[in-house]
Amino acid sequence: MSKGLLLAVSLGAATVALVAMGTMWPIPAAAAYAGGGSLLRSSSTPEAAVQNLGDEIRMNAWQKAYDSLANKAQFTEPQFVHDLTGTYPSLRTYATLENFDVQPLHASTDEAEMRMNLHWSSVVGAFTSTRDVHVVRNGDRWEAEWPIEKEPVLPPQVIPVNYLRWDVIYRGAGDDWGAQDVEAPHVRIVDMHPVQRAEGVVILGELLNEDVVPAYVSVTATLQSKSGATIETEGSFDRISHILLPKQVTPFFINFPDRTLSEVGSVRMTPLSQLVPASADPVIEIQDERLNPAPDASLTGQLSNQSGQVVNVAHVLATFYDKNGQVVWVADQYIDRALLPQTPVPFSIHIPEDLARKVSTERTVTSSYSSGGTQ
Amino acid sequence: MRPGLTFLLGSLALAATPLAMAQGANLTVPKSVEAGNAFSIQSAGSGKGTLYIIGPGDLLKRDVQLGETTSFPSGALYNAGHYLVILAGGSSTENASFDVVPASQPANLSFLAKPSRLQVGLHNGITGSVYVFDAYQNLVSAPTPVSFELTNPAGEVQKRTVTTHDGSAWTEMDSTAKEGADRFVARAGGVSGARVIGQVPGDPCGLKMNAQQQGQQILLETAPVRDCSGNAVPDGTIITFTETYDGAESTVDAPLKRGIAKVAMPAHRGARISIASGVVMGNEIRWEK
Amino acid sequence: MQRAESIEPSQRPIPLALILMAVVVVHLPLLLMKLPLKSYDANFHIFFASHYVHNWFNPWNPKWYAGFSQTTYPPLGQQWTALLSPILGLDFAYMAVQFTAILLLAVGVYRFSRLWVSPRAASFAALASVFLGSESFLVYSAGQLGTTCAAPIYLNALPFLFEWLRHGNWRSFLKASVLFTAAAAAHHATLLFGSFFFAVPILALVFLDREEGERVSTPAFVIRTVSIVVVVGCAIAIVLLPFWIALIHYPVTQTPIPHPSRANYILSPQWGLNYFIVPYGALIVALPFIFLRGSAVVRLRPLLLGFWVAFLVGLGGTTPVGHLVLGRAFEVLTMERFSYWATLLALPFVGLLASELVDRYRTGAVVGLTVAAAFSCALAVAWAAYKPADAADFNVNSVAAWLNRDGHDQHRYVTLGFGNKVARLAVLTDASSVDGEWNSGRMLPELTRHGGGALTSSKYFGKQGLDALREMLQHADRYGLKWVFVRDPYYDPLLSFAGWRPVDNLEDKTITIWSKDGVPPATPVNAPQMPPRWQGLMWGIFPFGSSILAILVVLIPQKKHYDSRGEVSYTADDELVSGRLAS
């Protein structure tokens, strides 16, 4: 073999070898685009079968995922897809599976139980859903049995709605100075409590709309040093119910990461209220709220939509009080399923372990988003 | 005005400032002129000169024959303030000053009434402020009596009369016990301004609910919700129903509709059901069925 | 009348004028159709150019990221666009600059290829450059004006480098130095990586040729190499000084942003199609020839090795090479430019192959090669339509008009679901945004802390992108961010729960304007990054001046050494068998 041919063969072989390496053991950036896997993983173990299923869900390869299931005869592919993405538009519909982990719960020679923790990324933040997947051996392969949760479908019906609505006419641009405008709603901070947490300073509190009109509200807190200098200003962002109907109360939670209470001399609270058009619907009932003690302290319950309108995204804000009625914590959760009329949907809000013992009572409020209208 | 001319006049004004307070020997000007009125200036001497009148927002320039009276028609000067008169003729400059004062007759009111909406029964809860202007939008600084009247829908009237100080007057009024749109009027001279003050019900008072079985649920319904003055609390006000049972709790924030709030909650034997609106608590029911 | 008819195939090169005419025929209509405006980055370059139109000596642009410095990107292509825009308008000025770059590429490829192969093969290589898939991909799909401007200047500099190293010609030294500097002013990365992929093979070539004809001693070779490296290094340091200052003071330490050119093209075949099949086109068929001939001919081996490394890096995450060779730069750079350089390095081989095929198969080869070239070019041009940067084409004029009226531009804005229209919008509006498309220029911690690209496309970056968006909305008051233009209802729940309210809509209600109450007007931020006046003057004078100087020095007459070189065999010894050589 001539030197030239030897070089050509060497370069060609090296190229093929490098491509093979890159495919068998992809670098992280490439693995992320390939759904986290490589060409070579087969469903030869229960873990691999569930991992492959997770990869297919991550890449929205629904047909491939459905075809790989052992119990696919029990439901259709659309039902499988709806179980993961929701029949009605909801947080799940627009969520992407960021990553997942698989924990073996039980295994024998022919079957195994695996727990899949699916970490979703959604527009309002990340959420995790957990599924216990039964895996069965089929020849030299393992196949997952998907624990289908069929979402109820609303029967065709007419729901009469007689809801309240406020509209506002503001002063015109050409009005004279001194001309009267509609008054901003009167709101009041009824409680405010700074707390030092590991992640920083947190301002907790409650805001009341004491007016007879709906209010758009937000709260801004400014930390000031002992010398009166401004340290930092932050707002409540989404940890508040921004639309308050008359006499409604919302908790608020303002976070100052990496700050310590010792450097703070005072806190200046600035509530903002604005008169906005609003609707009194939908009314959401919160049922069966329970404070579950530590470990894994949580507040659980169910949301039931009392209106005829489908709520696409619901946000639960819980205020926790000690036995003296002082606010000790505010926590929230977005509900990943749509709220159908009269169909309860569970929620579970985690309570920090160190605060769980102090919690005596709680109060929960919801805010909601429906495509085409918000509250 | 061209910058060059502004500069020239500014320079003239500065040069003349030490003398401006005094009446020029050869220049006779009125001590004060009512805004918009005609006036005249008499000069002495002979020959031709140029007369400048410089004031806040106004500048007049006239070529004059010295020794004659120069007349200015109505509306020539209408911005109230202190004016400087400079007569430039030949090698000498004469100067004098006079005031343009607002017309004594009010022609316009700026009336600020706050708030536009408030609860019933608040002492000094309503504030009215008035600024009095003449026809040329000069603040009338002369003391002028302003009358304030707050009339509720029942025709009851609260009256105050306040004399302006430096062109403004203000007063405080009580909101009445009756809800509705009150008419708040301010009058000065022959002019008036009106605002509407919405008096709205206060917090619910004596909040009460009734319960009755409806299948597997309890139908909870409030009595018509009123404030402590007997006004109906407006629809849309949130009433919170809370049911506590077996260590669990159910909550509904229900808006008032047609004066009452109605909600169905699960029936649990021994449950305690309470009602609240904002920071006001209502009655409590124990469900034993 | 006599008619001379040759039965022998022509051994003459294709005239350069004819090749340039091919550029005109193929690319001018496409550019007049403004096809690049649909690409990913063309509007980005036009936006930069629009800033230079009004602020030639002030590189601080307040329209993106609440203010950023344009010294973070070499300005040459954009400044030429700005200069031509008063006559042609921004869009056509961009097309004119791009067209000039394509013309220069044909010339550059010819001159570069002449160092390696015969004039005839070099002319085929130059003609192939007109149809090169990677060039069309970068021009019409990626819109990489900087890369496509820098590469031809760089290719044109390389023969002067060879002349200087080989013959010690001072004119060549001057021309090479000025052209290298101008190339760096167009795109710094081209010069940096081009040195390894293009210049090192030239050094090796000079070293291999040192005993032929005019002998070059090793010390002379070393001295010449060092001298030009030092001079070019200093020139680039001065010409792009504000760029280096910005890079040193504010290095790109932000969280890496995923890019599909780093995918494994086998595990992710859709990206393989995008970043390998389309740019390479029919060149893929020539790969065995490149390896065989490049290995067989000793003189071509440096070029082959340069091609091979660029080829492997250009494969992105398909091999571990890019990750190993580039280190952290692998997470910052996009890989399609390496494929572009690889294809440019492959062109001398392609020219060689084409000339041999034509000599051997005549009309059949011409037809085949024409079809292959046309297919490569057509696929890459059409790719912009098959896989457009923006799935939906829409007009942002109404958004710009809304921002420009009633004092709306006193507050900052951000768009969601606008894709690469953010640059077009930024050109049209006076308002400032906290978003942008130039990731290396951004300094706002809300953006650099997360591995997401432009906020307008947050959802495509998963959790990282959405976290950046949430944090930015959370700090709306800090930046005077009052307006959010939403063209994708995906984002509506976040805005609704975060306290924003829809206040208006545009374009038949396909764009909703959300507003936040109580936001103070925007004030200037990022002041420490603002370049001082002297840097602005440098930025306005030196990079553009380097290109003017390059034009002037290139006009200095040059003795053509390489044309007088003895005939070199480009045919592998292994292939010298009967019937395989062109007759």
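Some points to look at:
- Cα-centre dipole for the protein assembly as shown with unit charges at Cβ (Lys and Arg positive, Asp and Glu negative), debye to 20: 3420
- Each residue of the stretch B:204-287 gets 76 Å³ once the volume of the Cα convex hull is shared out per residue.
- Spacing of the modelled spin labels on B:Leu139 and C:Ala374, each 7 Å from Cα toward Cβ, amounts to 8.4 nm.
- Directionally averaged projected area (the stretch A:281-374, Cα convex hull): 5.8 nm².
- Chain B: relative contact order in percent, alpha carbon pairs under 8 Å with at least 6 residues between: 11
- Computed from the C-beta positions of C:Leu247 and C:Ser227 and an R0 of 30 Å, the FRET efficiency is 0.70 to the nearest 0.05.
- Trypsin sites (Lys or Arg not before Pro) within the stretch A:104-151: DSSP coil, no more than 16 neighbouring Cβ in 10 Å: A:Lys150
- Note that chain B shows a convex hull volume over its alpha carbon atoms of 193 Å³ per residue.
- Of the DSSP H helices in chain A, those whose Cα atoms cover at least 24 Å axially and whose Kyte score averages 0.5 or more: A:3-24
- Among C:Val414, C:Pro260, B:Pro73 the positive-end extreme of the charge dipole of the protein assembly as shown (Cβ point charges): C:Pro260
- Dividing the Cα radius of gyration of the protein assembly as shown by its Kirkwood radius returns 1.08 for Rg/Rh.
- Across the options C:Pro528, C:Phe485, C:Leu303, the greatest Cα extent toward the positive end of the charge dipole of chain C (unit charges at beta carbon of Lys, Arg, Asp, Glu) belongs to C:Leu303.
- For the stretch B:108-200, the fraction of alpha-carbon pairs in successive 10 Å shells from zero, as %: 19, 50, 24, 8, 0
- Ranked from largest, the principal axis spans of the Cα set of chain C equal 84, 54, 48 Å.
- Three semi-axes of the equivalent ellipsoid, the stretch C:124-179, Cα gyration tensor, whole Å, largest first: 28, 13, 6
- Within the same chain, lysines fewer than 8 places from A:Lys358 are excluded, and of the rest, those with a Cα less than 23 Å from its Cα are A:Lys323.
- Of C:Lys387/C:Lys459; A:Lys150/C:Lys463; C:Lys63/C:Lys387, pairs whose Cα-Cα distance is over 23 Å: A:Lys150/C:Lys463; C:Lys63/C:Lys387
- Exposure here means at most 13 other Cβ atoms within 10 Å; with trypsin sites (Lys or Arg not before Pro) in a DSSP loop as sites, the longest stretch of chain C lacking them is C:35-214.
- Cα convex hull volume per residue for the stretch B:47-178 (Å³): 116
- Dipole orientation for the stretch A:36-145: of the candidates A:Leu69, A:Ser90, A:Ser44, A:Ser90 has the Cα lying most toward the positive pole (charges on Cβ; Lys, Arg +1; Asp, Glu -1).
- A P(r) calculated from all alpha carbon pairs of the stretch B:87-126, with 10 Å bins opening at zero, reads 17, 19, 16, 17, 12, 9, 8, 1 percent.
- The label point for A:Ser262 and the one for A:Gln306, both projected 7 Å from the Cα toward the Cβ, are 4.9 nm apart.
- Three-way shape call for the stretch C:94-239 based on the alpha-carbon gyration tensor, with the a/c threshold at 1.5: oblate
- Chain C: relative contact order in percent, alpha carbon pairs under 8 Å with at least 6 residues between: 21
- Length gained when the stretch B:Glu221-B:Thr163 is fully extended (0.36 nm per residue, less Cα-Cα span): 15.5 nm
- Between C:Val503 and B:Gln213, the FRET efficiency estimated from the beta carbon spacing at R0 = 45 angstrom works out to 0.40.
- Violating pairs (Cα-Cα greater than 29 angstrom) within the set B:Lys31/B:Lys61; A:Lys226/A:Lys247; B:Lys178/B:Lys208: A:Lys226/A:Lys247
- Karplus-derived 3J(HN,Hα), 6.51/-1.76/1.60, for each residue of the stretch C:204-220, Hz, glycine and proline x: 5, 5, 4, 5, 5, 8, 4, 8, 8, x, 6, 6, 10, 6, 4, x, 4
- Cys residues of the protein assembly as shown counted as unpaired, since no other Cys beta-carbon is under 4.7 Å: C:Cys149, C:Cys234, C:Cys377
- Chain A shape via C-alpha gyration tensor axes, a/c threshold 1.5: prolate
- Rel. contact order, % - alpha carbon contacts under 8 angstrom, at least six apart, chain A: 12
- Taking a ≥ b ≥ c as the square roots of the Cα gyration tensor eigenvalues, the stretch A:1-111 comes out prolate, since a/c reaches at least 1.5 and a/b is larger than b/c.
- Once the C-beta distance of A:Leu6 and C:Val325 is scaled by a Förster radius of 30 Å, the resulting FRET efficiency is 0.80 to the nearest 0.05.
- Label-to-label distance for B:Ser274 and B:Ser192 is 5.1 nm, based on points extended 7 Å past Cα in the beta-carbon direction.
Bear in mind these aren't lab numbers, they're just calculated from the coordinates by the rules spelled out. Since this is a predicted model, take the numbers as computed values, not measurements. Please note: Cβ atoms are built from the backbone with ideal geometry, for glycine as well, and neighbour counts cover all protein chains shown.
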